[in-house]
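Here is the structure we will look at, set down as structure tokens.
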Amino acid sequence: MRILAIDTSCDDTSAAISDSDRIVANAFWSKVKVHNEWGGVVPSEAKRQHEEFLEPVITNVLKESGLRLEDINYFAVTYGPGLAIALEPGIDKAKELSVKYNRPLVPVNHMVAHIYASLAKDKDNKPLSQVNEFEFPALALTISGGHTDLYVMERHLSFHHIGRTLDDAIGESFDKVGRMLGLGFPAGYKIEELAKSGNKNRFNLPRPLSQSDDLNWSFSGLKTAVLYEVYKLAGEYRPNQEKGKVKLQDISDKLKPQDIADIAASFQLAAVNSLLIKIEKAIRSYTPKMLIIGGGVIANSFLRMNLENLALKYDTKLVYPTPMWLCTDNAAMIAIAAKFLIDHGKILSTKEEIDNLERIPNLRITKE
Ligand code: KG4
Ligand code: ZN
């Protein structure tokens, strides 16, 4: 079963080809500067990049795999969640190829794909994670720039939503703190690097919602607490300043390098502890055989080390893609998720079904 998959959900233009669960080719383009002065992605710029580079990226994966479009059995594409107009070029291309080559189209949820990335194998059929298969019940945690969600999986493609962030996503909080510290966008890995030379106990930051009975998170309060510390360090602390009026801005030029490193380390510790408190609670409630993690933030090795210890403590298995490129956005994970969707009959076969596929920017993972 050969699948050509496309992902244009954000600012990476990606394509991949799989043969069953082996990734035989993978390519992406993400060099063009598509970020605005606030550090966010400019959707129209991302769309333009996808339109320009999708074709060459597909040509690359075909060349790498030695296959022609005629050899592909299924086309797969992310239809959400993601930036609305960035999703369009990917969906249009996948529809065009499906109709032209008379092959079914598999619509894939980007976050489901982050979870299924752990089942990818390399060309030689070696697993690209710690496992060959998922064991159920499993907990699945998705943590990225837009998501912080926890699910129980009793079987493949079945997701029971048990926890979520009530405000900012964890990756978003890394990016916002990065902005205060003048680190550019995205800032997650830079915060991780700086934290290595910082004192993680210097600032006593909150773990919002850690006492609540549910499995939800909040990262907005943590971000604001960091902002106040940054203002204080910069000598701009105004006690009467109303919370809502504090501006998120780059005042890093007023901070010493050691202050920046200490803020990064203290923030990372608080964010990771916040996550761990609720995950430990969920493990106690659901005694999962596996804790599967997906999304860009799992690239953080401080987080992974702490999750690894938690998994050991409760005799469960931590599962994540080992290569870094499979943790952040890529189309290989779309191809792997598509394989499971095909196994479950979740494909579009008629021209009418294919024509009717639309982007769903706020697509959720629902119980199936
Ligand atoms: O999954 P992803 O590549 O794109 C989305 O679907 O959002 O995740 C991107 C997010 C960004 O917020 C980025 O700052 C964060 O993942 N990230 C990290 C690290 N590497 C990427 N956060 C913390 N530590 C990292 N090493
Ligand atoms: Zn993603």
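The values are calculated or read from the model by the stated rules, or taken from the named source; none is laboratory data. Predicted model, so just to flag it, every value in this text is computed and none were measured. Cβ atoms come from the backbone with ideal geometry, glycine included; neighbour counts cover every protein chain shown.
Would it be correct to say that Val297 is without any contact (Cβ under 8 Å) to a residue 60 or more places away in the chain and within 27 Å of Leu227 (Cβ to Cβ)? Break it down stepwise before answering.
Working: without any contact (Cβ under 8 Å) to a residue 60 or more places away in the chain: no; within 27 Å of Leu227 (Cβ to Cβ): yes.
So Val297 does not fit the description; no.
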> So which residues in the range 292-319 are in contact with a Lys or Arg (Cβ under 7 Å, 6 or more places away or on another chain) and within 16 Å of ligand 2 (Cβ to nearest atom)?
Replying inline: Ile298
> Within the set of pairs 6 or more residues apart or between chains, which connect a residue that is within 11 Å of Lys123 (Cβ to Cβ) inside the range 4-32 to a residue that is within 12 Å of ligand 1 (Cβ to nearest atom) and of a type in the set (Phe, Trp, Tyr) with Cβ atoms less than 9 Å apart?
Replying inline: Asn26/Trp325
> So Asp21 clears everything in (1) over 19 Å from Ile342 (Cβ atoms); (2) at pLDDT below 95; (3) charged (D, E, K, R) except one condition, right? Which one?
Replying inline: (1)
> Inside the range 149-186, can you point out the residues that are within 16 Å of ligand 2 (Cβ to nearest atom), surrounded by 20 or more Cβ atoms within 10 Å (Cβ to Cβ), modelled with pLDDT under 95 and of a type outside the set (Asp, Glu)?
Replying inline: Pro186
> Do the conditions hold for Ile191, that is, is it away from ligand 2 (no atom under 16 Å from the Cβ) and surrounded by 23 or more Cβ atoms within 10 Å (Cβ to Cβ)?
Replying inline: yes
>> Being at pLDDT 95 or above, within 20 Å of Lys123 (Cα to Cα) and within 12 Å of ligand 1 (Cβ to nearest atom) is the filter here; which residues of the range 299-325 pass it?
In response: Pro321
> For the range 60-70, which residues satisfy the criterion of being out of contact with any strand residue (DSSP E or B) (no Cβ under 6 Å at 6 or more places or on another chain), surrounded by 13 or more Cβ atoms within 10 Å (Cβ to Cβ) and in a helix (DSSP H, G or I)?
Replying inline: Leu62, Leu69
> Identify, please: which residue in the range 122-148 is assigned to a strand (DSSP E or B) and either away from ligand 1 (no atom under 16 Å from the Cβ) or not aliphatic (A, V, I, L, M) (or both) and is, among those, surrounded by the fewest Cβ atoms within 10 Å (Cβ to Cβ)?
Replying inline: Pro127
> If you take the residues of the range 273-309 that are assigned to a loop (DSSP other than H, G, I, E, B) and out of contact with any helix residue (DSSP H, G or I) (no Cβ under 7 Å at 6 or more places or on another chain), which of them is farthest from Cys327 (Cα to Cα)?
Replying inline: Thr287
> What is the number of the single condition among (1) within 15 Å of ligand 2 (Cβ to nearest atom); (2) more than 30 Å from Phe159 (Cα to Cα); (3) among the β-branched types (Val, Ile, Thr) that Ile115 does not meet?
Replying inline: (2)
> Looking at (1) within 16 Å of Ser144 (Cβ to Cβ); (2) more than 16 Å from ligand 1 (Cβ to nearest atom); (3) polar (S, T, N, Q), which is the one condition that is false for Thr350?
Replying inline: (1)
> Can you tell which of Thr328, Thr287 is within 16 Å of ligand 1 (Cβ to nearest atom) and either more than 23 Å from Arg164 (Cβ to Cβ) or of a type in the set (S, T, N, Q) (or both)?
Replying inline: Thr328
> Name the pairs: first residue in the range 177-199 and more than 21 Å from Tyr228 (Cβ to Cβ) and of a type in the set (Lys, Arg), second residue assigned to a loop (DSSP other than H, G, I, E, B) and within 11 Å of ligand 1 (Cβ to nearest atom), Cβ to Cβ under 6 Å, at least 6 apart or on different chains?
Replying inline: Lys190/Leu183
> Can you tell me how many residues in the range 149-168 are part of a loop (DSSP other than H, G, I, E, B) and of a type in the set (A, V, I, L, M)?
Replying inline: 2
> Is it true that Val99 is of a type in the set (Val, Ile, Thr), crowded, with 20+ Cβ neighbours inside 10 Å and either away from ligand 1 (no atom under 16 Å from the Cβ) or within 27 Å of Leu157 (Cβ to Cβ) (or both)?
Replying inline: no
>> So the check is Cβ under 9 Å with 6+ separation or different chains; which pairs have a first residue in the range 97-117 that's assigned to a strand (DSSP E or B) and a second one that's basic (Lys, Arg) and surrounded by fewer than 18 Cβ atoms within 10 Å (Cβ to Cβ)?
In response: Val106/Lys346; Pro107/Lys346; Asn109/Arg364
>> Given the options Asp315, Asp253, Asp259, name the one that is assigned to a loop (DSSP other than H, G, I, E, B) and out of contact with any Asp or Glu (no Cβ under 8 Å at 6 or more places or on another chain).
In response: Asp315
> Which number in (1) within 16 Å of ligand 1 (Cβ to nearest atom); (2) in a loop (DSSP other than H, G, I, E, B); (3) modelled with pLDDT of 95 or more; (4) in contact with a Ser or Thr (Cβ under 7 Å, 6 or more places away or on another chain) marks the one condition that Ser197 misses?
Replying inline: (4)
